[in-house]
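The values are calculated or read from the model by the stated rules, or taken from the named source; none is laboratory data. All values reported here derive from a predicted model rather than from experimental measurement. No Cβ is skipped: glycine too gets one built from the backbone with ideal geometry, and neighbour counts run over all protein chains shown. Ligands, DNA and RNA are stripped out before the accessible areas are found, and what is left, the full protein with its side chains, is counted by its heavy atoms. Shrake-Rupley method; radii C 1.70, N 1.55, O 1.52, S 1.80 Å.
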Amino acid sequence: MKYLIEGGNRLSGSIPVSGSKNAVLPILAATIITGKKTILHNCPDISDVRCTIDILRHLGYGVERQNDTLIVDSTCEGTPQVPPELMRKLRSSIIFLGAFINRFGSAKISYPGGCELGKRPIDIHLAVLSEMGVQIQEDAQHILCDAPRLKGGEYRLSFPSVGATENVMIASLIADCPVTVKNPAKEPEIVELQNFLNAAGANILGAGTDTIQIIPQKTFHDCEYTVCSDRIEAATYMFSAAATGSVLTLTNAPLRDLNRITATLEEMGVYIITKRPDTLTVIPPKRLKPLNLIATMPHPGFPTDAQAILMASLLKADGTSMIVENIFENRYNHVSEFLKMGAEISVSGNTATIRGVNHLQGTTVYAKDLRAGAALVIAALSARGTTVIHDVHHISRGYENMIGKLQAVGAKARIVSDTEPNTMEFRQILPNETTFHSLTQ
Ligand code: EPZ
């Protein structure tokens, strides 16, 4: 599949933000440990969630989708065997490690595999779990963990890894005494995992701060939980508004998780008006101001997942900007594609210098990873002429109905199969028409 986007149009109207991919994935893994029924609302229908559902079903658990609600039943024993190809399909499959150790006392999982962002090592996960008493063996393909018992106590992460924090939180619930985690990740998705586990009967405190305390808990109850909205999806549409000079409103937006994004856009000359607890309106200037220097950092710093979409909005800013990517070693996959559109960017090490140009030109580009793909959509919307974006399966990993949402605010955008010609007659995807998701079932 590919996207065809005709740029240069002002957008207007409102976009609903879907549930958070990076919150729902660890929560779905954590449903394994409750042995009960979980009702999860605000779950986006994206391919990473579909992969996770496939893994849960493969384990023997029931999962049913009713619109944006998922009902997971993990009452049966389940079998901790997941085919490697299924685990490798999902970048974040490592999040099942803590859940397997908790539920089954052991785990045999294939290496999550690197991805376009780099090696994606799991040394921090394994270092803490092994300190807690998990016996770990590794062979060429698998990680074998055996946890006859887990020692409580105080553990410090060498780096505030999001996934490692989530795995330790879930595994710690079977420790022989309370666990204190120092230097954990503080992302909103960590708070979401704590809140979900507590809704199911756990007693965890401190998520979002420098210290998380987990009281061991082995029995849980049925629970119903509403997942927070996706702060990176929200940021994507905020930067789309800024890059196209459009006034856009976002509904169901996670305002409390957008402080850094809002502050950055305001530095660029954008006004953000919040109306109700979950609604904001973006009002951009005629031309965006550049950013002298912005560096991605662990939360509450500027999120690495918003780096590519920020860069897309700086391509036509009124001056030169500098971005430093501190989290992933290879997160400039979008630069080569922006250059094809006429952007002026130079990269040295983890620093990108962007000299604002007056125009971008639509052309054929390739999505190299999830957020790089989303950034190409933003550049295409703000370019002259038509852009064809290939390999959009990367985008559908994390964005629910992106083209449908953009069409609804006036974007001239279509999803077509790779074999279809790049014809530009645009038509709205009618409600009863095939949407991207059903095409990729
Ligand atoms: C989560 O990935 C997110 N994914 C990522 O979002 C996000 O970019 C990342 O956190 C940082 O915020 C999900 O939540 C599913 P990390 P995760 O462990 O947990 C290194 C997206 O676009 N590291 O905090 O894998 C690692 O290589 C995705 O939605 C080790 O060296 O991130 C990276 O450089 C992309 N050893 C840095 O730490 C380890 O054991 C941050 O990784 C673990 C991580």
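Hey, with R₀ at 35 Å, roughly what FRET efficiency would Arg57 and Asn203 work out to, going by the Cβ-Cβ distance, to 0.05? Mind showing how you got there, number by number?
Numbers: r = 30 Å, r/R0 = 0.85.
Computed FRET efficiency for Arg57 and Asn203 comes out at 0.70.
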Using a basic spin-label model with each label point 7 Å from the Cα along Cα→Cβ, how many nm lie between Ser106 and Glu329?
3.3
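Between rounded, prolate and oblate, where does region 21-226 land on the alpha carbon gyration tensor, with a ≥ b ≥ c its root eigenvalues, rounded for a/c under 1.5, else prolate if a/b exceeds b/c?
It comes out rounded by the Cα gyration axes.
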For the chain, what does the relative contact order come out to in percent, with C-alpha contacts under 8 Å and a separation of six or more?
20
Let a ≥ b ≥ c be the square roots of the eigenvalues of the Cα gyration tensor of the chain; is it rounded (a/c under 1.5), or, if not, prolate (a/b larger than b/c) or oblate?
prolate
Residue-normalised accessible area of region 105-160, expressed per residue, 1.4 Å probe, Å²
51
If I take R0 = 56 Å and measure r between the Cβ atoms of Thr75 and Arg276 in this structure, what FRET efficiency does the formula 1/(1 + (r/R0)^6) give, to the nearest 0.05?
0.90
Which ³J(HN,Hα) values in Hz, rounded to whole numbers, follow from the phi angles of region 271-278 under the Karplus curve 6.51 cos²θ - 1.76 cosθ + 1.60, where θ = phi - 60° and Gly and Pro get x?
9, 10, 10, 9, 9, 10, x, 9
Taking +1 at the Cβ of each Lys and Arg and -1 at the Cβ of each Asp and Glu, which of Val82, Val63, His393 sits farthest along the dipole of the chain towards its positive end, judged by Cα position relative to the Cα centre?
His393
Taking a label point 7 Å from the Cα of Ala408 along Cα-to-Cβ, the residues of region 238-253 whose backbone nitrogen sits under 18 Å from it are 238-241, 247-253
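With charges set only on the Cβ (+1 for Lys and Arg, -1 for Asp and Glu), what does the dipole of region 91-206 come to about its Cα centre, in debye to the nearest 20? Don't jump to the answer; show the numbers that get you there.
Values: 10 positive and 12 negative charges, 13 e Å.
In total the dipole reaches around 60 debye.
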Considering the zone a paramagnetic label at Thr251 would reach in this model (a point 7 Å from Cα along the Cα-to-Cβ line), which residues of region 385-420 have amide N under 16 Å from it?
405-410
Can you give me the distance in nm between label points at Asp176 and Lys119, each placed 7 Å from the Cα along the Cα-to-Cβ direction?
3.4
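How high is the FRET efficiency between Ala127 and His221 when r is their beta carbon distance and R₀ equals 51 Å, given to the nearest 0.05?
Computed FRET efficiency for Ala127 and His221: 0.95.
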Each label point is 7 Å from the Cα along the Cα-to-Cβ direction; what then is the distance between the points at Gln141 and His41, in nm?
4.3
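Which percentage, to the nearest 5, of the DSSP beta bridges contained in the chain is antiparallel? Intermediate values should be presented prior to the final figure.
Values: 55 of 76 bridges.
About 70 percent, rounded to the nearest 5.
Could you pull out the pairs from Lys21/Lys340; Lys108/Lys186; Lys36/Lys108; Lys37/Lys218; Lys2/Lys405; Lys36/Lys218 whose alpha carbons sit more than 20 Å apart here?
Lys21/Lys340; Lys108/Lys186; Lys36/Lys108
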